[in-house]
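Here's the structure, in structure tokens; my notes come after.
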Amino acid sequence: MAAVSDHGLKKIVWKRIKETIIADSRKSDIWKILILDPFTTKLLSSCCKMSDLMSEKITIVEDLYRIREPVPEMKAIYFMPPTAKCVDAFIADFKTKPKYKAAYVYFTDYCPDDLFNNMKLYCGKYIRVCKEINLSFMPQEAQVFTCDNPGAFQSIYSPNSQDKKKTLETIADQLVSLCATLDEYPGIRYRKDSKMENAKTLAELVDKKLERHYELDDNGKKVKTQAQLLIVERGFDPVSPILHELTYQAMAYDLINVPNDTYKFKSKDGSEKQALLNEDDMLWVKLRHKHIAEVSEQIPKMVKEIAASKKQPDGKITINNLAQMMKKMPAFRKQMTEQAVHLQLAEECMQQYSNNVEKLCKAEQDLALGSDVEGLKVKDQMRTLLPVLLHPYSTHEKVRAVLLYIFSQRGTSEENLNKLIQHVKIEDEREFILNWKELGVLIIGSQSLISQKPSRRDRSQDQTYNLSRWTPVIKDVMEDAVENKLDTREWPHQSESPAAWNGSGAVSARQKPKTSSQDERRSGSRLIIFIIGGMSFSEMRSAYEVTQSVKSCEVIIGSSHILTPTGLLDDIKALSKRPMETFTVEERNNA
């Protein structure tokens with residue numbers, strides 16, 4: 001897995017920044033100031049370190065919105081989204097008394113004419129460079145990106161939303177930006193849904209904007225590349241983001257508090273420590289998709305190996321040996337630190353698992369799959385659910401189990417739902433369950449809809465852990481797409497796909513593809529998946545798994561943001577809140 005990150009999305013983004021911002025900066029020997037807004041700060045810190053910037057003669061990094069001291073002898077690089085707020089802050093730096101000698105302006109996306117004209121009007125003589133560099137998405141991992149917009153969930157799915165159209169437009173721009181950065185012009189397909197139109201709308205927007213982008217950028221000469229973009233809505237698989245996952249990354253983010261990818265823990269001496277769970281930590285990259293049982297087994301082994309490797313085999317200490325050891329010490333220290341972090345984190349995950357989650361997992365897997373460990377059909381799913389409701393689990397845990405029961409039944413009767421709500425004691429918080437209808441998921445409905453249950457790939461021969469038998473639906477979709485088996489009635493084409501994706505020369509996800517001209521045409525192709533409304537860690541893992549098994553195609557997955565089960569439930573519950581509710585309450589209190 002580590003090899004992937006060497007050419008992953010973060011590396012591609014950093015390369016793009018180096019070819020534009022850094023390359024222009026190198027043309028002058030003067031040290032410069034880099035000015036960023038919150039989005040570009042996060043973007044840059046995801047793909048480079050301060051030392052990388054220092055080596056490129058960027059001496060200070062400043063916040064666009066903070067009051068800054070003028071440095072009139074220095075040039076400033078502005079890297080920011082093309083929004084009115086950013087442009088106003090930029091103009092304020094030069095309008096009356098210029099803060100800097102000159103400005104090099106780089107926008108993450110197309111800058112609207114009115115904003116550009118304003119800049120020209122007030123600061124024209126100070127602007128040396130003004131470029132749009134197409135980096136308005138967030139590279140999260142080697143094969144994962146987000147729009148860095150958790151609020152998109154409310155904007156798209158809340159019945160009270162005022163800005164749904166605008167949000168879909170922005171996401172479309174970000175998808176175009178991703179395709180441009182990858183130098184891809186993909187064929188576009190979307191998951192057809194009789195109740196929901198968002199995937200279709202977004203597919204149309206991306207198609208139109210991509211065409212316009214390549215018309216402007218390549219004089220209309222860009223032809224479709226060996227890539228396909230599939231757009232789906234969150235409601236197409238409500239099970240995966242609700243289940244307890246037992247792979248390391250998913251489990252850590254579900255059961256342990258990891259805000260902004262930061263794990264806080266106490267070391268043996270009692271001091272507070274924190275570690276970033278990202279791709280700079282190679283042990284995290286190696287372990288994140290493994291089952292917690294394997295992780296718990298592997299880390300202690302690694303600690304022993306490292307300890308053994310530090311000992312000199314012959315016991316003789318020579319100057320040469322000492323020099324070699326000194327060279328290795330920083331690497332050893334880094335490895336030992338990483339291992340200490342993951343020993344602690346894995347232990348915490350296992351503790352939560354043993355205390356609480358193990359019994360839940362069995363019930364959840366049986367409900368989600370409709371069959372038990374032996375593969376026998378669960379005849380009465382209420383009998384599977386009841387022990388969970390009678391046990392003193394937290395409200396969120398019980399709600400998750402009730403939802404899995406309802407999803408497995410393809411909806412339930414109002415009478416049954418009311419009984420379940422009473423069992424969980426959420427009479428005042430029934431939105432946790434009812435609001436799934438806003439995602440097009442059937443909650444109260446007729447049993448006859450069982451016939452509409454989507455067919456799943458047969459994975460009965462796959463070797464899995466008993467409590468990890470569920471496979472995210474998106475993995476089926478990825479494999480079907482790679483094998484050209486997606487049904488065009490379910491997955492209409494918004495725009496034509498290149499020859500390699502048109503149904504000829506399919507590459508099997510299970511067999512080694514034979515070398516042929518068809519396979520050569522497919523090698524290096526990309527499948528980009530975008531889930532409207534958030535993606536789960538198990539869905540992210542699927543992108544890596546399919547890429548590993550199908551060497552001829554890289555799968556990249558993205559969404560507005562990454563989901564945790566608790567976060568998703570809270571978002572679902574908030575869908576029915578009216579925008580003015582808090583304001584009204586405050587007014588009443590003041591009266």
Could you pull out the pairs from Lys11/Lys304; Lys11/Lys222; Lys49/Lys334; Lys11/Lys551 whose alpha carbons sit more than 27 Å apart here?
-> Lys11/Lys304
Using the per-residue mean of other Cβ atoms lying within 10 Å as a proxy for protection, in what order, highest first, do the peptides 538-544, 165-171 fall?
-> 538-544, 165-171
Roughly how compact is the stretch 130-281, stated as its Cα Rg over 2.2 N^0.38 Å to two decimals?
-> 1.29
Gap in Å between the Cα centre of the stretch 45-68 and the Cα centre of the stretch 216-289?
-> 25 Å
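List the chymotrypsin sites (Phe, Trp or Tyr not before Pro) within the stretch 1-95 that fall in a DSSP loop (any state other than H, G, I, E or B) and whose Cβ has at most 16 other Cβ atoms within 10 Å.
Numbers: sites: Trp14, Trp31, Phe39, Tyr65, Tyr78, Phe79, Phe90, Phe94; in loops: Trp31, Tyr65.
Answer by residue number: Trp31, Tyr65.
How large is the accessible surface per residue of the chain, computed with a 1.4 Å probe and reported in Å² as a whole number?
Numbers: 29280 Å² over 591 residues.
That works out to 50 Å² per residue.
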Residue farthest toward the positive end of the dipole of the chain, with Cβ of Lys/Arg at +1 and Asp/Glu at -1: which of Cys179, Ile156, His391?
-> Cys179
Go ahead and run the numbers for FRET between His423 and Arg457, Cβ-Cβ distance against an R0 of 22 Å, rounding to 0.05.
-> 0.05
When the Cα centres of the stretch 104-144 and the stretch 461-490 are compared, how far apart do they sit, in Å?
-> 40 Å
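Among DSSP beta bridges whose residues both lie in the stretch 1-158, state the antiparallel percentage, nearest 5. Don't skip to the answer; put the middle values down first.
Working: 3 of 25 bridges.
Taking every DSSP beta bridge within the stretch 1-158, about 10 percent pair in antiparallel fashion.
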Which listed residue (Pro81, Thr108, Phe94) has the Cα farthest towards the positive end of the charge dipole for the stretch 79-118, taking +1 on Lys and Arg C-beta and -1 on Asp and Glu C-beta about the Cα centre?
-> Phe94
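Evaluate the charge dipole of the chain about its Cα centre and quote only its size in Debye, nearest 20, assuming +1 on the Cβ of each Lys and Arg and -1 on the Cβ of each Asp and Glu. Can you show the working numbers first?
Details: 86 positive and 82 negative charges, 278 e Å.
The dipole of the chain has a size of about 1340 debye.
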For the chain, give the share of DSSP beta bridges that are antiparallel, in percent and rounded to the nearest 5; count only bridges with both residues there.
-> 20 percent
Assigned charges on the beta-carbon of Lys, Arg, Asp, Glu; the stretch 7-101 dipole about Cα centre (debye) | 200 debye
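For the chain, what does the helix formula give at 222 nm: sum of -39500 (n - 2.57) over DSSP H segments with n ≥ 4, over the residue count, nearest 500 deg cm²/dmol?
Working: 24 runs with 267 residues, N = 591.
Taking each H run of at least 4 residues, the total per residue is -13500 deg cm²/dmol.
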In whole Hz, with x marking every Gly and Pro, tabulate ³J(HN,Hα) for the stretch 358-375 from phi via Karplus 6.51 cos²θ - 1.76 cosθ + 1.60, θ = phi - 60°.
-> 3, 5, 4, 4, 4, 4, 4, 5, 5, 5, 5, 8, x, 9, 8, 4, 6, x
Taking the stretch 1-152 on its own, what percent of its Cα-Cα pair distances exceed 28 Å?
-> 18 percent
Could you give me the ³J(HN,Hα) list for the stretch 429-438, computed from phi with Karplus coefficients 6.51, -1.76, 1.60 and θ = phi - 60°, whole Hz, x at Gly and Pro?
-> 10, 5, 4, 3, 9, 5, 6, 4, 4, 5
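Just want to confirm a number: the relative contact order over the chain, from Cα pairs under 8 angstrom separated by 6+ residues, in percent. Could you put the intermediate results ahead of the total?
Numbers: 864 pairs, mean separation 101.3, N = 591.
Normalised by residue count, the contact order of the chain is 17 percent.
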For the chain, treating each Cα as an identical point scatterer without solvent, what Debye log10 I(q)/I(0) comes out at q = 0.06, 0.07, 0.09 1/Å?
-> -0.37, -0.50, -0.83
Amide H neighbours of Ile528 under 5 Å, at least 5 residues apart or on other chains, H built in the peptide plane: list them.
-> Gln228, Leu229, Leu230, Ile556
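Heavy atoms only, probe 1.4 Å: what % of the accessible area of the chain goes to carbon and sulfur, would you let me know? Before the final figure, lay out each step's value.
On the way: 14770 of 29280 Å².
Carbon and sulfur atoms account for 50 percent of the accessible area of the chain.
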Overall dimensions of the stretch 87-177 as given by Cα atoms, namely Rg and Dmax in Å | 16.7, 50
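The values are calculated or read from the model by the stated rules, or taken from the named source; none is laboratory data. Computed from a predicted model, the values in this text were never measured in an experiment. Using ideal geometry, Cβ is built from the backbone for each residue, glycine included, and neighbour counts are taken over all protein chains shown. When the accessible area is computed, the model is the full protein with side chains, heavy atoms only, and any ligands, DNA or RNA have been set aside. Shrake-Rupley method; radii C 1.70, N 1.55, O 1.52, S 1.80 Å.
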